[in-house]
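Undergrad: Handing you this structure, nothing more for now.
The values are calculated or read from the model by the stated rules, or taken from the named source; none is laboratory data. Quick caveat, the model's predicted, so the values are computed rather than measured. Every residue, glycine among them, receives a Cβ derived from its backbone with ideal geometry; neighbour counts consider all protein chains shown. For the accessible areas, the whole protein counts, side chains as well, though only heavy atoms, and no ligand, DNA or RNA atoms are used. Shrake-Rupley method; radii C 1.70, N 1.55, O 1.52, S 1.80 Å.
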Amino acid sequence: MKDYNKHTSHSHHNHGDMNHSKHVNVSTEEHRDHNKDQHHNHHAGHDHGGHSGHEHHHHGNFKELFLKSLPLGIIIMLLSPMAGFDLPFQFTFPYSDIIVAILSTILIIYGGRPFYQGAVDEFKQKEPGMMALVSLGLSVSYLYSIYAVIASYLTGEQVMDFFFEFASLLLIMLLGHWIEMKAIGEAGDAQEELAKLVPKDAHVVLDDDSIETRPVADLKVGDLIRVQAGENVPADGTIERGESRLNEALLTGESKSIKKGPGDEVIGGSTNGEGVLYIKVLETGDKSFISQVQDLISQAQSQPSRAENIAQKVAGWLFYIAVIVALISFVVWMLIADIPTAVKFAITTLVIACPHALGLAIPLVTARSTSLGASRGLLVKDRESLEIAQDADVMILDKTGTLTTGEFKVLDVEFFNDKYTKEEIIALLAGIEGGSSHPIAQSIISFAEEQDIRPVSFDSIDVISGAGVEGKAKGHSYQLISQKAYGRNLDMDIPKGATLSVLVENDDAIAAVALGDELKSTSKELVQALKKNNIQPIMATGDNEKAALGVSEDLGIEYKANQSPQDKYELVKELKDEGKKVIMVGDGVNDAPSLALADVGIAVGAGTQVALDSADVILTQSDPGDIESFIELAHKTTRKMKQNLFWGAGYNFIAIPLAAGILAPIGFTLSPAVGAILMSASTVIVAINAILLRLDTK
């Protein structure tokens, strides 16, 4: 049986393991700098091949920009006729157009800055997109309007300006971005939630036993800190003194609070129950568990996925389509009408082509999906794995600790002698195992404890090499030996895959205890869910044929027994060579090679080994039901992405020709202001659709 340490909720015994992973530590440095920006803008690098798409969001707080630009914009819109029509709320007076021109200049410099900076980023990447389009629309309407004002004073003729359209476009764009940032914030920032778990200050115990409160940032490895009942632990460390129950639910997904005492490791951010703990600091800052998890989340969010690459391409096409359609529209209208009409249609085309909804389509779903996953204990390191998982053909599952609890349990006790009561037999079993730390012995002792049966006190206990133990109690000699050592058949039904120990007195079996690794309660549901999604489950285990057969019959799945890590790797390779998409579920330590090779690697119960290179997805609890949640998340996330892409791009492909005046012959034209309103509406629809992403309650 493999070392269960890797699986249990106490798997925090190997903090050192975190650092074997170059993945996080290398990328920690790379991400550290722009992560600070990224806290507020998940998709900072999202949609231009993961580099600069929305980096304009670094360029200022859109709420502030919008609120400060609003009064200027309103004055401009009051003083400037819309598309040449005087609206009832508008008024003009001598030289009001000069005031409008001055205010517009201030507005384009202040409110337009983030769009121009974004456009510069896009052109540097040789990939013009949304910001380039917005900037084009703003520049054309502003410059033409300034020309119109100068021309009307020089020639005395009234030339129509576009200040109204310019101001309304800029305000609606700023408002759209503010709504977008708010939606992204609300779509859930798992990193900030995690950061909140770590207290700001720590109580450091000095050499003279006095307590000094200092910021957590100033803690050093080796410091001794005191954590009172109810406080959160400020850093990763080991308990020096004190006992308590710690709640690590938000970190490891383990819902029950865990009893810990001297020598046990604790994770920064977990909540201390009733006792006072003195903890020696092992890891701080970047090396701490929470920081590693935050890095994984931000890496996942800054990686472009396949859907984003599509969104990126579509945004590029739209830029070129918009420019070409605007030019054609300009030429055609100039020939059949006049230059002002031609300019109006060209501007409207450029204004309406801004693919806002498209730029948002994927990042919003991603942000929502990441936070939903994190709330279920699913850390998706590689976002593309969500898109791959929904097309998977085969899932290879480890047995011990994944499908089963990985802990020995007493499954059955059988009695062959009327001299003893059931309680007496259990008391003898627990007594004879009293001195042993073997998992089988421990499971028998805890079985007696659960039933409040006191173990019999043995006078002497000796180990029988390779067979079991023997001992004397109350003048009788007893042996607890394996079925093989006993050598005779017993008249009992042995549960599938169980190990049998026989209690012998005077060479006669008086009782037998069947011990086994129990199936987890959610394993059967997982197998059903996989079959429903047309994913074939295969159990690959290092355990023997008999144990594997028992579990495989219970679950109704194929199995492969006696599998070494190398065998599992070969199995994944073989299936991939057959052209199948493979998901591998393992414990991340033994199974690292096959996790890395599979199309999607899921590490289960990895606890603090979250930083493992090999897995694409980490389930922080060892619950097979979470694999089901992951498959559901994969399907739903991919579906939302497709819906949003369709909505975001579809809107533009319809709106651009309308803006260019294709239906003008039948009297239908789209003004820039109406176009901008429609565009904002499509942005809001995409945002709402993303926020509606939900997982079924468990």
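Undergrad: Looking at the structure I just gave you, is Leu327 within 30 Å of Leu678 (Cα to Cα) and either at pLDDT below 85 or open to solvent by 10 Å² or more (accessible area, probe 1.4 Å) (or both)? Even if it seems obvious, please write down each step before you answer.
TA: Details: within 30 Å of Leu678 (Cα to Cα): yes; either at pLDDT below 85 or open to solvent by 10 Å² or more (accessible area, probe 1.4 Å) (or both): yes.
Here the answer is yes, as Leu327 does meet what is asked.
Undergrad: Follow-up question, since we're still on this one. Tell me, which residue of the stretch 135-179 that is part of a helix (DSSP H, G or I) and of a type in the set (S, T, N, Q) is most open to solvent (accessible area, probe 1.4 Å)?
TA: Thr155
Undergrad: I would also like to ask the following. Go through the stretch 534-589 and report how many residues are touching a strand residue (DSSP E or B) at 6+ places or on another chain (Cβ under 6 Å), among the polar types (S, T, N, Q) and without any contact (Cβ under 8 Å) to a residue 24 or more places away in the chain.
TA: Looking only at that region, the number is 2.
Undergrad: Restricting to the stretch 49-99, and then to whatever is modelled with pLDDT under 90 and touching a Gly at 6+ places or on another chain (Cβ under 8 Å), can you tell me which residue is farthest from Phe123 (Cα to Cα)?
TA: Across the stretch 49-99, the extreme among qualifying residues is His59.
Undergrad: Still on this structure: Restricting the search to the stretch 148-170, which residues are more than 45 Å from the chain's Cα centre (by Cα) and among the small types (Gly, Ala, Ser)?
TA: Selection gives Ala148, Ala151, Ser152, Gly156.
Undergrad: Need the failing condition index for Asn544 against (1) at pLDDT below 85; (2) open to solvent by less than 60 Å² (accessible area, probe 1.4 Å); (3) more than 17 Å from Pro624 (Cβ to Cβ), just the number.
TA: So the condition that Asn544 fails would be (2).
Undergrad: Now for a separate question. Could you figure out which of (1) surrounded by fewer than 23 Cβ atoms within 10 Å (Cβ to Cβ); (2) not in a helix (DSSP H, G or I) isn't true of Asp623?
TA: Exception for Asp623: condition (1).
Undergrad: Can you tell me which condition Pro128 does not meet? The list is (1) open to solvent by 50 Å² or more (accessible area, probe 1.4 Å); (2) outside any helix (DSSP H, G or I), and all the others hold.
TA: (1)
Undergrad: Right, another one. Answer with yes or no whether Asp418 is touching a residue at least 60 places away in the same chain (Cβ under 8 Å), among the charged types (D, E, K, R), in a loop (DSSP other than H, G, I, E, B) and open to solvent by 30 Å² or more (accessible area, probe 1.4 Å). Don't jump to the end; show me each part of the working.
TA: On the way: touching a residue at least 60 places away in the same chain (Cβ under 8 Å): no; among the charged types (D, E, K, R): yes; in a loop (DSSP other than H, G, I, E, B): yes; open to solvent by 30 Å² or more (accessible area, probe 1.4 Å): yes.
Here the answer is no, as Asp418 does not meet what is asked.
Undergrad: Same structure, new question: Just to be sure I understand, how many residues within the stretch 223-244 are open to solvent by 10 Å² or more (accessible area, probe 1.4 Å), within 16 Å of Gly263 (Cβ to Cβ) and not hydroxyl-bearing (Ser, Thr, Tyr)?
TA: Within the stretch 223-244, residues that are open to solvent by 10 Å² or more (accessible area, probe 1.4 Å), within 16 Å of Gly263 (Cβ to Cβ) and not hydroxyl-bearing (Ser, Thr, Tyr) number 5.
Undergrad: Sticking with this one: When you go through (1) touching a residue at least 12 places away in the same chain (Cβ under 8 Å); (2) under 31 Å from the mean Cα position of the chain (by Cα) one by one for Ala659, which number turns out not to apply?
TA: (2)
Undergrad: Is it the case, given these coordinates, that Ile494 is among the aliphatic types (A, V, I, L, M) and in a loop (DSSP other than H, G, I, E, B)?
TA: Numbers: among the aliphatic types (A, V, I, L, M): yes; in a loop (DSSP other than H, G, I, E, B): yes.
Yes; evaluated as a whole, the condition is true for this residue.
Undergrad: Please verify whether Asp391 is open to solvent by 50 Å² or more (accessible area, probe 1.4 Å) and either of a type in the set (A, V, I, L, M, F, W, C) or closer than 30 Å to Ser682 by Cα (or both), treating the condition exactly as stated. Show your work before the answer.
TA: Details: open to solvent by 50 Å² or more (accessible area, probe 1.4 Å): yes; either of a type in the set (A, V, I, L, M, F, W, C) or closer than 30 Å to Ser682 by Cα (or both): yes.
In short, yes.
Undergrad: Which of the residues spanning the stretch 87-116 are surrounded by fewer than 17 Cβ atoms within 10 Å (Cβ to Cβ) and in a helix (DSSP H, G or I)? Write out each step before concluding.
TA: Just the residues of the stretch 87-116 that are surrounded by fewer than 17 Cβ atoms within 10 Å (Cβ to Cβ), to begin with: 87-96, 98-99, 102, 105-106, 109-110, 113.
Within the stretch 87-116, Ser96, Ile98, Ile99, Ile102, Thr105, Ile106, Ile109, Tyr110, Arg113 qualify.
Undergrad: State yes or no: is Ala342 free of Cβ contacts under 8 Å to residues at least 24 places away in the same chain, in contact with a helix residue (DSSP H, G or I) (Cβ under 6 Å, 6 or more places away or on another chain), assigned to a helix (DSSP H, G or I) and aliphatic (A, V, I, L, M)? Let's see the steps before the verdict.
TA: Numbers: free of Cβ contacts under 8 Å to residues at least 24 places away in the same chain: yes; in contact with a helix residue (DSSP H, G or I) (Cβ under 6 Å, 6 or more places away or on another chain): yes; assigned to a helix (DSSP H, G or I): yes; aliphatic (A, V, I, L, M): yes.
In short, yes.
Undergrad: Does the stretch 268-324 hold any residues that are open to solvent by 30 Å² or more (accessible area, probe 1.4 Å), in a helix (DSSP H, G or I), modelled with pLDDT of 70 or more and closer than 30 Å to Ala235 by Cα, and which are they?
TA: Passing the criteria: Gly285, Asp286, Lys287.
Undergrad: Let me ask something else about it. Exactly one condition in (1) modelled with pLDDT under 85; (2) outside any helix (DSSP H, G or I); (3) of a type in the set (A, V, I, L, M) is false for Val684; which is it?
TA: (2)
Undergrad: Continuing with this model, one more query. Can you confirm whether the stretch 126-147 contains a residue that is modelled with pLDDT under 90, of a type in the set (Val, Ile, Thr), over 40 Å from the mean Cα position of the chain (by Cα) and over 15 Å from Phe166 (Cβ atoms)?
TA: no
Undergrad: Kindly evaluate Glu407 against the criterion of being at pLDDT below 85, among the acidic types (Asp, Glu) and either within 30 Å of Ala596 (Cβ to Cβ) or surrounded by fewer than 21 Cβ atoms within 10 Å (Cβ to Cβ) (or both). Outline the logic, then answer.
TA: Working: at pLDDT below 85: yes; among the acidic types (Asp, Glu): yes; either within 30 Å of Ala596 (Cβ to Cβ) or surrounded by fewer than 21 Cβ atoms within 10 Å (Cβ to Cβ) (or both): yes.
Here the answer is yes, as Glu407 does meet what is asked.
Undergrad: Something else now. Which ones in the stretch 519-551 are outside any helix (DSSP H, G or I) and not aliphatic (A, V, I, L, M)?
TA: Looking only at the stretch 519-551, we keep the residues that are outside any helix (DSSP H, G or I), and these are 519-522, 533-544.
Once the filter is applied, which keeps residues that are outside any helix (DSSP H, G or I) and not aliphatic (A, V, I, L, M), the stretch 519-551 yields Lys520, Ser521, Thr522, Asn533, Asn534, Gln536, Pro537, Thr541, Gly542, Asp543, Asn544.
Undergrad: Evaluate the stretch 478-490: report whether one residue or more is polar (S, T, N, Q) and in a loop (DSSP other than H, G, I, E, B).
TA: Step one: filter the stretch 478-490 for residues polar (S, T, N, Q), giving 479, 482-483, 489.
Filter once more, so that each one left must be in a loop (DSSP other than H, G, I, E, B): 489.
Yes, the stretch 478-490 has at least one match.
Undergrad: Out of Leu515, Leu500, which single residue is within 49 Å of the chain's Cα centre (by Cα), open to solvent by less than 30 Å² (accessible area, probe 1.4 Å) and touching a residue at least 40 places away in the same chain (Cβ under 8 Å)?
TA: On the way: Leu500 fails: touching a residue at least 40 places away in the same chain (Cβ under 8 Å).
The match here is Leu515.
Undergrad: Right, Ile102: aliphatic (A, V, I, L, M), at pLDDT 90 or above and under 51 Å from the mean Cα position of the chain (by Cα) or not?
TA: Numbers: aliphatic (A, V, I, L, M): yes; at pLDDT 90 or above: yes; under 51 Å from the mean Cα position of the chain (by Cα): yes.
So Ile102 passes the test.
Undergrad: From the list Ser443, Ser465, Ser460, Ser482, which residue is out of contact with any Leu (no Cβ under 8 Å at 6 or more places or on another chain) and open to solvent by less than 80 Å² (accessible area, probe 1.4 Å)? Break it down stepwise before answering.
TA: Values: Ser443 fails: out of contact with any Leu (no Cβ under 8 Å at 6 or more places or on another chain); Ser465 fails: open to solvent by less than 80 Å² (accessible area, probe 1.4 Å); Ser482 fails: out of contact with any Leu (no Cβ under 8 Å at 6 or more places or on another chain).
From the options Ser443, Ser465, Ser460, Ser482, the qualifying one is Ser460.
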